[in-house]
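Enquirer: I have a structure here, written as structure tokens, and I will follow up with some questions on it.
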Amino acid sequence: MQIRVTDQRGITTRIAASAPLTDHTGLPTALAALALHLTHLRRTGAQPTATALREHLTEAVPWLRPYGFNALHDPRAAAVVDIDLQPLDASGWPGVRLAVLQQGHDPVPWGRSRRFRGAAQVLAYADSEAEAAAQHLAARGHLQRDSHLRRQSVQMDQLHQQLAPALALANEDLASRPVIPAPRDGSARYADEELPTPLVLTGAVVQDVELRTAGGAPVARLLLAPDAPLEVDGVSVERLTCDLHGDQAVSAHASLATGAHVLLAGTVVRRHYTGADQIPRTAVTLTVQHIGHALT
């Protein structure tokens with residue numbers, strides 16, 4: 001698990017932990033613990049902190065161990081759960097993004113991935129994983145006549161039952177979320193659409209990184225010229241706008257200059273909008289999760 005928790009000051013704290021590959025309850029239990037922690041923050045109005053999340057995970061998943069490596073470059077890692085936790089938004093829920101990447105036999109490492117954005121999506125995924133684990137362990141326990149597997153199945157089913165009211169609350173809040181008004185210039189509001197597959201690419205920074213503050217947290221924007229042609233919906237993107245948040249934004253602004261060669265991993269976001277001239281347009285950006293200097 002790779003976790004980033006950003007507080008209201010824009011300071012990001014990182015947590016990394018691992019679980020044995022042989023444990024079939026590790027991932028569902030950790031996801032359920034995350035989902036229940038998000039629900040606790042929603043009900044209490046408390047802001048997310050790395051200390052509170054670490055304590056909650058340690059209590060709920062005692063077999064998690066500290067992890068001091070980069071999982072994407074660790075041949076022992078079979079799956080990576082990447083979590084980005086932000087302060088509470090207008091809905092009362094913490095901002096949260098979750099990515100699950102798995103090693104496979106594909107030509108591209110980490111070629112299998114699933115992404116979830118927002119508390120409702122994260123809770124729904126955690127609930128489905130707990131339910132699937134309960135069914136899988138129950139079937140194995142019955143076939144192998146293994147009482148330990150049956151007990152694990154009961155534990156997973158209990159987590160599934162605990163998550164049901166939390167998921168109902170998240171869906172209720174999502175349904176009652178107010179509509180964002182249109183901009184004053186007459187253009188329609190943005191509709192963001194994340195592409196499901198994460199993108200890893202290299203390229204050159206073509207202008208100085210811009211740093212600003214949004215909602216009290218640092219946000220940086222850089223313009224990238226990809227080394228290899230990038231196509232989105234059949235359209236070639238020669239210049240890609242990349243958005244960074246929290247500590248990454250501050251570090252990028254301090255360390256990257258025009259001409260720097262970087263490696264980035266993130267999510268492509270398409271923003272569909274209609275300008276004041278009533279002409280439909282699409283803007284393509286990259287929400288960066290990992291960034292570093294490329295060595296080649």
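The values are calculated or read from the model by the stated rules, or taken from the named source; none is laboratory data. Please read all numbers here as calculations on a predicted model, not as lab measurements. Quick reminder, even Gly has a Cβ in these numbers, built from the backbone with ideal geometry, and neighbours come from all protein chains shown.
Enquirer: Quick check on my filter: what residues within region 63-99 are of a type outside the set (Ser, Thr, Tyr), at pLDDT below 85 and in a loop (DSSP other than H, G, I, E, B)?
Expert: 63, 64, 69, 70, 74, 75, 76, 77, 78, 89, 90, 92
Enquirer: If I go through region 65-104 residue by residue, how many of them are in contact with a helix residue (DSSP H, G or I) (Cβ under 6 Å, 6 or more places away or on another chain) and under 21 Å from residue 289 (Cβ atoms)?
Expert: The total comes to 6.
Enquirer: Also: In region 245-274, what residues are buried (at least 16 other Cβ atoms within 10 Å of the Cβ) and part of a loop (DSSP other than H, G, I, E, B)?
Expert: 256, 260
Enquirer: What single numbered condition from (1) among the hydrophobic types (A, V, I, L, M, F, W, C); (2) under 13 Å from the mean Cα position of the chain (by Cα); (3) modelled with pLDDT of 90 or more fails to hold for residue 124?
Expert: Result: residue 124 fails condition (2) only.
Enquirer: Here's another thing I want to ask about it. Say whether the condition of being modelled with pLDDT of 90 or more, under 24 Å from residue 42 (Cβ atoms), surrounded by fewer than 18 Cβ atoms within 10 Å (Cβ to Cβ) and not hydrophobic (A, V, I, L, M, F, W, C) is met by at least one residue in region 165-184.
Expert: Yes, some residue in region 165-184 is modelled with pLDDT of 90 or more, under 24 Å from residue 42 (Cβ atoms), surrounded by fewer than 18 Cβ atoms within 10 Å (Cβ to Cβ) and not hydrophobic (A, V, I, L, M, F, W, C).
Enquirer: Residue check, residue 39 against (1) under 24 Å from residue 153 (Cβ atoms); (2) out of contact with any helix residue (DSSP H, G or I) (no Cβ under 6 Å at 6 or more places or on another chain), all met but one. Which one?
Expert: All conditions are met except number (2).
Enquirer: OK, next. From the list 28, 75, 66, 48, which residue is farther than 26 Å from residue 141 by Cβ and within 17 Å of the chain's Cα centre (by Cα)?
Expert: Exactly one of 28, 75, 66, 48 is farther than 26 Å from residue 141 by Cβ and within 17 Å of the chain's Cα centre (by Cα), namely 48.
Enquirer: Next question, about the same structure. Quick one: what pairs do we get from region 25-47, first residue buried (at least 19 other Cβ atoms within 10 Å of the Cβ), second in a helix (DSSP H, G or I) and of a type in the set (Phe, Trp, Tyr), C-beta under 8 Å, 6+ apart or different chains?
Expert: Every condition considered, the pairs that remain are 31/125.
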